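Each value in this text was obtained by applying a stated rule to the coordinates, not by laboratory testing. Computed from a predicted structure; not experimentally measured. Every residue, glycine among them, receives a Cβ derived from its backbone with ideal geometry; neighbour counts consider all protein chains shown.
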Amino acid sequence: MLFPGALMFISYAASLLTIGLCLVLKVPQIINLYQVKNANAMSIKSLVLELTSYTTMTCYNYVNGYSLLTYLEYPIILVQELVLIYLVLLYRRLINQRTFMWTMLYFFVAFLFMSKIVPAFLLNILAPLCTPISASSKVIQLMAIVRSGTSRGISATTWFISAFTNLSRAFTIYLDSADAILLCNFGVSTLLSAAVMSATITFSPGSPALKKFPPPGYGPTYVAYTSQLTSKNIDEDEKKD
C-alpha cells in the first residue's frame, strides 16, 4: 500500500505531465492554419462550443478554489483556442464590429464568473453540460471512422495522449477533491478517447482486423471526403478573388 506522501508525489507528477502535453495540444493546428491561410474546412460552431466548455471548466475550478495544478491545462488550452478562433475569423474575413462585440461580451461574462459577481451555483449547473459537449465531438469522430471503414489520416497517438491525459487528470482530481462532476467529465472523456483510439488502430489501412473483417460498403474515406470539400472551398475563394 502506498503512503499518502507517495500518492501526492505521483499526483503532482501526473499533473505536470498532463499540463506539459496540453501545452502543445492545439499548436500543430495553429501552425498549419497559419501556413495555409485558409480556414474554410474548420467549423466555427465547433470551436465556439469548445471555447464555452474550456471557459466554463476554468471558471468552475477557479471559483471553487481547487489547486491550480489540477486544472492548469484548461487555461492553457483556452489561450490556444482563442488564438485558433482568431485565425479562423481572420482567414474567413469575419473580423468586424459584430465579432468585436461578441468578443467583448465573452470576456465580460468570463470576468463576472471569475470575480464571483455571478453566483457560483450557476457554474455548478453549467459544469455538467461540458461533459455532453465534449463527448459529442468524440462520438461524431468515432462514428465517422466506423462508417467510412478506414482511419486513414487519423493519428492513434493523438487519441492515446487524449485518453492518457484525461485518465491522469481524473486520478489527480480524485486525490485532490474527489469532485463528482469533474470525475464524471474526465471519466467519460477517457472512455470515448480510448474508443476512438481503438477504432483508429482497428480500421487503419493494412490492419489485420480490417483485412479479416472488412466493413460493408468500404468506399471513400471520411478524411478524403473532407479534403475534397476543402479543395472545393479553396477553388471557390480563388474564383471570388
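State to the nearest 20 debye the size of the charge dipole of the stretch 4-204 about its Cα centre, where the only charges are +1 on K and R beta carbons and -1 on D and E beta carbons. The partial results should precede the final answer.
Values: 11 positive and 5 negative charges, 145 e Å.
So the dipole magnitude of the stretch 4-204 works out to roughly 700 debye.
With the Cα gyration tensor of the stretch 39-119 giving a ≥ b ≥ c as the square roots of its eigenvalues, does the rule (a/c under 1.5 for rounded; else a/b larger than b/c for prolate; else oblate) give rounded, prolate or oblate?
Note, shape of the stretch 39-119 comes out oblate.
Cα gyration tensor of the stretch 4-204, axes a ≥ b ≥ c as square roots of the eigenvalues: rounded (a/c below 1.5), prolate (a/b > b/c) or oblate? In terms of gyration-tensor shape, oblate. Judged by the mean number of other Cβ atoms found within 10 Å, the most tightly packed of the peptides 196-203, 84-91, 97-104, 53-60 leads the ranking 53-60, 196-203, 84-91, 97-104.
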